[in-house]
Ligand SMILES: [Mg+2]
């Protein structure tokens, strides 16, 4: 693979890895993508820290540990970072808010509890609203969250992806749920507010990942398949990023985008080859 001297020098400094899962290490059906198993094993053999990422806040981290293990990838829970984990960590570390009304699944409530936040019911005076990909959504809970937002409570989301892909087509994701609340509250001055995002591509997600890696931005490589989340996470915060073409993004989509990944590779196996070529890995 052709690498510019500048890119080769930056790759040579890489020690830690933030790796997206779906579309990068495997595809939804549960098949490991080319080079994924060899790459993760090589990182482990070389003692390089790695954290796997997902913007999906509906499932517990343990679900991903199991899914990866089935594919021959061993990653422990401490090195899985969901947008729910990142959002909860950010609230606990950077805000005085401790009593979120969680419009999300049991997994998101568990992520909050893990860092000392107390998911709080509508009637018990929550101090903020945290919205995630809510597979347990009911009309009552959507209404409660909307009323709390109208009341002016600080309002956060794990991510705002509008849709997620299912075998049957596109389904409403967190962004679609937030849009329903914004529409409901469009009477508010300035229109119905949208939440502050704490997952990819925000600094909250990056900082949570770097803290788990124990690496600086300079020493870290982000690998992922999405331009608006994975690659923007790198581009906006000065972290080297490698796009793989095994998921959401193809060459046409890349050409039409303003986001410019530092490295574009066919798959994670090709990223691995570039890292070896640059001397970052044996
Ligand atoms: Mg992905």
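The values are calculated or read from the model by the stated rules, or taken from the named source; none is laboratory data. Because the structure is a prediction, the values reported are computed rather than measured. Glycine also receives a Cβ, built like all others from the backbone with ideal geometry; neighbour counts cover every protein chain displayed.
Descriptive notes on the structure:
- Among the residues of this structure, residue 74 does not count as one that is surrounded by fewer than 16 Cβ atoms within 10 Å (Cβ to Cβ), in the same structural domain as residue 216 (by TED's automatic domain parsing) and within 14 Å of the ligand (Cβ to nearest atom).
- Entry remark, region 212-230: residues being without any contact (Cβ under 8 Å) to a residue 40 or more places away in the chain and away from the ligand (no atom under 16 Å from the Cβ) number 2 in total.
- Residue match in region 29-38 (condition: closer than 23 Å to residue 228 by Cβ, within 11 Å of the ligand (Cβ to nearest atom) and in contact (Cβ under 8 Å) with a residue 24 or more places away in the chain): yes
- Residue 201 assigned to a loop (DSSP other than H, G, I, E, B), touching a residue at least 12 places away in the same chain (Cβ under 8 Å) and either on the phi > 0 side of the Ramachandran plot or touching a strand residue (DSSP E or B) at 6+ places or on another chain (Cβ under 7 Å) (or both): no
- Filter result (in contact with a helix residue (DSSP H, G or I) (Cβ under 7 Å, 6 or more places away or on another chain) and in a helix (DSSP H, G or I)) within region 1-59: 8, 11, 12, 36, 38, 39, 42
- Residue count, region 45-60 (criterion: closer than 22 Å to residue 161 by Cα and within 16 Å of the ligand (Cβ to nearest atom)): 9
- Criterion: in the same structural domain as residue 26 (by TED's automatic domain parsing) and either away from the ligand (no atom under 16 Å from the Cβ) or in contact with a strand residue (DSSP E or B) (Cβ under 8 Å, 6 or more places away or on another chain) (or both) - qualifying residue of 180, 174, 256: 256
- With respect to being closer than 25 Å to residue 23 by Cβ and either exposed (fewer than 13 other Cβ atoms within 10 Å of the Cβ) or in contact with a helix residue (DSSP H, G or I) (Cβ under 6 Å, 6 or more places away or on another chain) (or both), residue 179 falls outside the description.
- Test: residue in region 236-251 that is over 25 Å from residue 13 (Cβ atoms) and away from the ligand (no atom under 13 Å from the Cβ): yes
- A single entry from 86, 36, 45, 62 fulfils the requirement of being within 20 Å of residue 135 (Cβ to Cβ) and at pLDDT 95 or above: 86.
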